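The values are calculated or read from the model by the stated rules, or taken from the named source; none is laboratory data. Because the structure is predicted, anything quoted here is derived from the model rather than measured. Cβ atoms come from the backbone with ideal geometry, glycine included; neighbour counts cover every protein chain shown. The area values use the complete protein model at the heavy-atom level, side chains included, leaving out ligands, DNA and RNA. Shrake-Rupley method; radii C 1.70, N 1.55, O 1.52, S 1.80 Å.
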2 protein chains.
Amino acid sequence: MPDQPRVEFRTAPERYRHWRLATEGPVATLTMDVDEQGGIVSGYELKLNSYDLGVDIELYDAVQRLRFEHPEVRTVVITSGKPKIFCAGANIRMLAASPHGWKVNFCKFTNETRNGIEDATAHSGQTYLAAVNGTASGGGYELALACEHIMLIDDRSSAVSLPELPLLGVLPGTGGLTRVSDKRHVRRDLADYFSTRAEGVSGKKAVQWRLVDEAVPRPRWDETIAERAAELAARSSRPQDAEGVALTEVRKTRDDGAITYDHVEARLDRDTGKVDISVKGPQNDPPASIAEAAARSADFWPLAVTRELDDLILDLRTNETELGTWVFRTQGDPAQVLAYDNLLLTSREDWFANEVLHYLKRTLRRLDVTSRSLIAVIEPGSCFAGSLLELALAADRSFQLAGVFEDQDPDAEPATVTLGEANLGPLTMSNGLTRLQTRFWGDEAGYEAAAKRKKDALEAEDAADLGLITFAPDDIDWDEEIRIATEERASFSPDALTGLEANYRFAGPETMETKIFGRLSAWQNWIFNRPNAAGPDGALRRFGTGQRAVFDRKRV
Amino acid sequence: MPDQPRVEFRTAPERYRHWRLATEGPVATLTMDVDEQGGIVSGYELKLNSYDLGVDIELYDAVQRLRFEHPEVRTVVITSGKPKIFCAGANIRMLAASPHGWKVNFCKFTNETRNGIEDATAHSGQTYLAAVNGTASGGGYELALACEHIMLIDDRSSAVSLPELPLLGVLPGTGGLTRVSDKRHVRRDLADYFSTRAEGVSGKKAVQWRLVDEAVPRPRWDETIAERAAELAARSSRPQDAEGVALTEVRKTRDDGAITYDHVEARLDRDTGKVDISVKGPQNDPPASIAEAAARSADFWPLAVTRELDDLILDLRTNETELGTWVFRTQGDPAQVLAYDNLLLTSREDWFANEVLHYLKRTLRRLDVTSRSLIAVIEPGSCFAGSLLELALAADRSFQLAGVFEDQDPDAEPATVTLGEANLGPLTMSNGLTRLQTRFWGDEAGYEAAAKRKKDALEAEDAADLGLITFAPDDIDWDEEIRIATEERASFSPDALTGLEANYRFAGPETMETKIFGRLSAWQNWIFNRPNAAGPDGALRRFGTGQRAVFDRKRV
């Protein structure tokens, strides 16, 4: 792949090239109609509604806007604007030409978007319906799998398929295997057969095997969509007459050395391979009510800071792959953070509070699956409390200053961390547990001891004793310890660190989401990296050339 | 690595080069004292009690013998025969020189052996105690982690460590990360720190961080071992006066085209890349009692056939990596299989019956994690019933003949499959479910409908309707369908098949074991395969050369 441009994740419906978003009362329709010439990188055409990162950035934007800007929408129909093809999945020439890291990062983002679709269905009363009006293959079928209900047109030609293995020598990369077995409960031998059959399965057999929910003949297609959409909408408790919150463009300046938002700033240190990220707490009291908060719209601090963090994570992950360590600091008044948390948590039945909380949850999950070492640095003047404490709990290690910086500000208040309600339930990780539960997995007493200190501003020694932070160096050792930690991290194999972190961050139970990011992605990454797929004679490179792939037949 | 000799898994204590097995009443001691010159392949020395596949084959043999030959043993102490070093883990020069497939297969086998140690502790009343009398690094510490209780000598020099990441740029490959977090509940940030610290952690800190259970000063070392061994033995319900069952050498002939045992035969078809495996059911009635069964010793059919299958799986996995599809057939009387099952299942409190059942369970689990496509072919004269039906339930696909072979034997009884008690509980997979539960994961009604037909000999149509088999072709289509299935399988990317099977075989919940084989192994395989580890400038290749590894710093 030639020089990759810096990828920009901010977009808006008026700029979409590949999707159309229309709403009519409680039903929105997202129509995929990919512009063949609109690849995010040059060198391939996006034929047959195939997609690349650029197409998926628009889908992500649409899914987010539907939640915030359209409280009235209760069902989202995903369908195709092209005849006979729903979606052909990820573009193969793009995959074949991409370096390994690009493929992996692309799959991660598309996975997150599909998880977001399921999250909207589960937690937002916004249920997704796949109206598969033509063949859905590979990532196209996986997109349908993320929807709650799959309708397949029964026209003797449209089928669903996962042709990655037979055609490309790789796996479906966006959760297909996991959702086929663990969400749709397709029997394992049928799933195996289905996944080796490039032409897929259609009609009644697709229904019998549970691959889709119904096969609908063309004459009844439109009316059935309307019926199903209405049925799904009827389940929802979204408000009828609330006003949406416009997701105005996130303000951002970016140059080679820094990315700056209103509340978040990142300094990129290319010499040491790290990014120093600083997050500002709220500058003022929370609004008196959640209605007033919604009136502040995208400037409401929790929403604003979450959007900035979200954009920053995506930007750094995609554009700054050599910056392997992210160091998080916060700045502000812990009491204010807790006050904002409190407003959200006491208003959870309100649709907007609910959306903000779930968005923060998803953004923190994005951090958890990020292949960068995460370090939290807790200094005087910081506000690692409640929702912002999650940044420290998400970190692979944390350092909290014991005492103060004697030379700089001997009269400062020492740094503290404060557990709040936000740490005890709503912001679950992909494994279904909170970060605090994961931290104390198998140590009930440790969990209880920490949770009991909720609302106490804990100085370093206390926080260390309770196991909430990793290290509590004093003024004298501080700079040295943090320098060593970051320099040492930069000296290790980046691949091994990625594997280590992917294992240690998720103690305890597994869910479909952790299986997708842990098991399936790891296998896919391995396969992507093997000559049988990505080598010059591999299946991915040979696809469409008329030449068959040459395989090393050894089973590993 | 130069020409690999064919690996032989059969061994016996009198032939061990690396371990000493001694028993004294209820306590056995397994002393690791690796012969530096005894590598299974030439080209490296096994210094510092480091191990290779040959060392681990002996350990596996010892663990098996302890269960069958030593009903009196209730505690197994694992310790080192070398001064100051417990075990340095897998030999690094061996790893650096090995092809990818060898490393992966080696890790899989060592993982299975460590799981077997935990299985003995959990199900056999034979509890393992790690007496870590010197430094335990990498796989050495992972061996200790598989034990129920870890004693570390407190001598100011001995430590436990996982130095794979800092020294070699890979991950601990035998469950270390998973056991640290999910078994020993080491806090994730401490685990992260520990795994980046090549010198490890010793003494009180190792206890505080839960890395070991106790740190014991040298003067109290021997007496503490004796105390702990006695405490652990006191928990056991193993019999005091039973006679052991000698595991006489499995009879086997092998040439380039076939591997033949008393009850199992494998024909190796190098042209089509498949192995045809035939398993014979019992030739006679079961003994009248479990005592009589034990008197038959290693010739008792269920034990004999399990040992043969176990050896065959290991042989083919290691020595025949290009034979990618295994086709299972059985031959015999289904009623006899069920009668043997019944003897075992009604005698489960008997130590010997218990051992045979758990051994069969472990062997079937070995099949589940084998990176070969598994196909079951169910024909007239076969005995896919009860325990042997598990072979079909473990398969990725199964074919059952509808009717009979009209030309060959028109009067034959049609092929049947029969569910028995053995399919409904004792033979769990790594995910903690039976193969039948996994098959019907999320389909309670399907499970109930099948289970209700227990003991019914089901012909092909019935079995297909109940979802117990995949396809039921008749005489006319039979040969063609099976030929296509196996030929097609041989045409796919072996790597993609491995990933597909590793995902579909384990629907539903995850356990420490599935995490080790699914998540951790997949990451490790990926890392093993990356230039940062295995490339000419990678950490694994550069270790010990005095030159630092050169890393591509891009995070993937």
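Taken together, B:Glu501, B:Glu480, B:Glu459 contain a single residue that is farther than 17 Å from B:Ile378 by Cβ, acidic (Asp, Glu) and either more than 7 Å from every other protein chain (Cβ to nearest Cβ) or open to solvent by 50 Å² or more (accessible area, probe 1.4 Å) (or both), which is B:Glu501.
Take B:Thr416 and tell me if it is within 13 Å of chain A (Cβ to nearest Cβ), β-branched (Val, Ile, Thr) and closer than 25 Å to B:Val275 by Cβ. Spelling it out, it is not the case that B:Thr416 is within 13 Å of chain A (Cβ to nearest Cβ), β-branched (Val, Ile, Thr) and closer than 25 Å to B:Val275 by Cβ.
Contact map, the stretch B:113-136: first residue more than 15 Å from B:Val73 (Cβ to Cβ) and of a type outside the set (Val, Ile, Thr), second residue open to solvent by less than 10 Å² (accessible area, probe 1.4 Å) and assigned to a loop (DSSP other than H, G, I, E, B), Cβ cut-off under 7 Å, separation 6 or more or different chains; pairs are B:Arg114/B:Ala146; B:Arg114/B:Thr174; B:Arg114/B:Gly175; B:Glu118/B:Ala146; B:Ala130/B:Cys147; B:Gly134/B:Ser158.
Here the stretch B:539-556 is the region considered, the condition is being within 8 Å of chain A (Cβ to nearest Cβ) and in contact with a Ser or Thr (Cβ under 9 Å, 6 or more places away or on another chain), and the residue that is most open to solvent (accessible area, probe 1.4 Å) is B:Lys554. Among the residues making up the stretch B:128-168, a single one is open to solvent by 10 Å² or more (accessible area, probe 1.4 Å) and at positive phi: B:Arg156. A search for C-beta distances below 6 Å between a residue of the stretch A:512-523 that is more than 9 Å from chain B (Cβ to nearest Cβ) and part of a helix (DSSP H, G or I) and any residue that is open to solvent by 10 Å² or more (accessible area, probe 1.4 Å) and of a type in the set (Asp, Glu), counting only pairs 6+ apart in sequence or on different chains, returns A:Met512/A:Asp182. Considering the stretch A:524-533, the residues that are in a helix (DSSP H, G or I) and of a type in the set (S, T, N, Q) include one that is farthest from B:Tyr504 (Cα to Cα), namely A:Asn532. Taking B:Gly38 as the residue in question, decide whether it is at pLDDT 95 or above, within 18 Å of B:Ser80 (Cβ to Cβ), assigned to a loop (DSSP other than H, G, I, E, B) and not aliphatic (A, V, I, L, M). For B:Gly38, the condition - at pLDDT 95 or above, within 18 Å of B:Ser80 (Cβ to Cβ), assigned to a loop (DSSP other than H, G, I, E, B) and not aliphatic (A, V, I, L, M) - is met.
Among the residues of the stretch A:260-283, those that are open to solvent by less than 50 Å² (accessible area, probe 1.4 Å) and in a loop (DSSP other than H, G, I, E, B) comprise A:Tyr261, A:His263, A:Gly273, A:Gly281, A:Pro282. In the condition set (1) within 27 Å of B:Asp537 (Cβ to Cβ); (2) at pLDDT 95 or above; (3) surrounded by 18 or more Cβ atoms within 10 Å (Cβ to Cβ); (4) more than 9 Å from chain B (Cβ to nearest Cβ), A:Glu487 is compliant with all but (3).
Among the residues making up the stretch B:478-505, a single one is under 21 Å from A:Val186 (Cβ atoms), assigned to a helix (DSSP H, G or I) and among the aromatic types (Phe, Trp, Tyr): B:Tyr504.
Any residue in the stretch B:83-95 that is within 22 Å of the chain's Cα centre (by Cα), assigned to a helix (DSSP H, G or I) and on the phi < 0 side of the Ramachandran plot? Yes; the residues of the stretch B:83-95 include at least one that is within 22 Å of the chain's Cα centre (by Cα), assigned to a helix (DSSP H, G or I) and on the phi < 0 side of the Ramachandran plot. Only one entry of A:Ala266, A:Ala246 meets the criterion of being of a type in the set (A, V, I, L, M), over 26 Å from A:Ala353 (Cβ atoms) and more than 14 Å from chain B (Cβ to nearest Cβ), and that entry is A:Ala266. Is it the case, given these coordinates, that A:Ala353 is open to solvent by 10 Å² or more (accessible area, probe 1.4 Å) and either among the aliphatic types (A, V, I, L, M) or in a strand (DSSP E or B) (or both)? Judged against the criteria, A:Ala353 is not a match. Checked against the criteria, A:Leu316 does not count as in contact (Cβ under 8 Å) with a residue 24 or more places away in the chain, in contact with a helix residue (DSSP H, G or I) (Cβ under 8 Å, 6 or more places away or on another chain) and under 25 Å from A:Glu112 (Cα atoms). For A:Pro494, the stated conditions hold: it is touching a helix residue (DSSP H, G or I) at 6+ places or on another chain (Cβ under 8 Å), modelled with pLDDT of 95 or more and crowded, with 23+ Cβ neighbours inside 10 Å.
Here A:Pro509 passes the criteria (1) more than 7 Å from chain B (Cβ to nearest Cβ); (2) surrounded by 24 or more Cβ atoms within 10 Å (Cβ to Cβ) except the one numbered (2). Residue check: B:Gly43 meets all listed conditions (1) open to solvent by 20 Å² or more (accessible area, probe 1.4 Å); (2) in contact (Cβ under 8 Å) with a residue 24 or more places away in the chain; (3) out of contact with any helix residue (DSSP H, G or I) (no Cβ under 9 Å at 6 or more places or on another chain) but one, namely (3). A:Gly173 meets each of the listed conditions (1) open to solvent by less than 30 Å² (accessible area, probe 1.4 Å); (2) modelled with pLDDT of 95 or more apart from (2).
Checking A:Ala376 against (1) in a strand (DSSP E or B); (2) away from every other protein chain (no Cβ under 14 Å), which single condition isn't satisfied? For A:Ala376, the failing item is (2). Once the stretch B:150-159 is narrowed to residues that are more than 25 Å from the chain's Cα centre (by Cα) and not polar (S, T, N, Q), the residue that is nearest to the other protein chains (Cβ to nearest Cβ) is B:Ala159. Of all residues in the stretch A:46-88, how many are open to solvent by 10 Å² or more (accessible area, probe 1.4 Å), among the basic types (Lys, Arg) and out of contact with any strand residue (DSSP E or B) (no Cβ under 6 Å at 6 or more places or on another chain)? Adding up the residues that qualify gives 4.
Of everything in the stretch A:373-394 that's touching a Leu at 6+ places or on another chain (Cβ under 9 Å) and over 22 Å from A:Gln437 (Cα atoms), which residue is least open to solvent (accessible area, probe 1.4 Å)? Once the filter is applied, the top-ranked residue is A:Ser382.
Within the stretch A:405-423, the residues that satisfy the criterion of being assigned to a loop (DSSP other than H, G, I, E, B) and either open to solvent by less than 50 Å² (accessible area, probe 1.4 Å) or among the small types (Gly, Ala, Ser) (or both) are A:Phe405, A:Ala412, A:Pro414, A:Ala415, A:Thr416, A:Leu419, A:Gly420. Total residues in the stretch B:268-289 satisfying the condition of being out of contact with any helix residue (DSSP H, G or I) (no Cβ under 9 Å at 6 or more places or on another chain) and without any contact (Cβ under 8 Å) to a residue 24 or more places away in the chain: the figure is 1.
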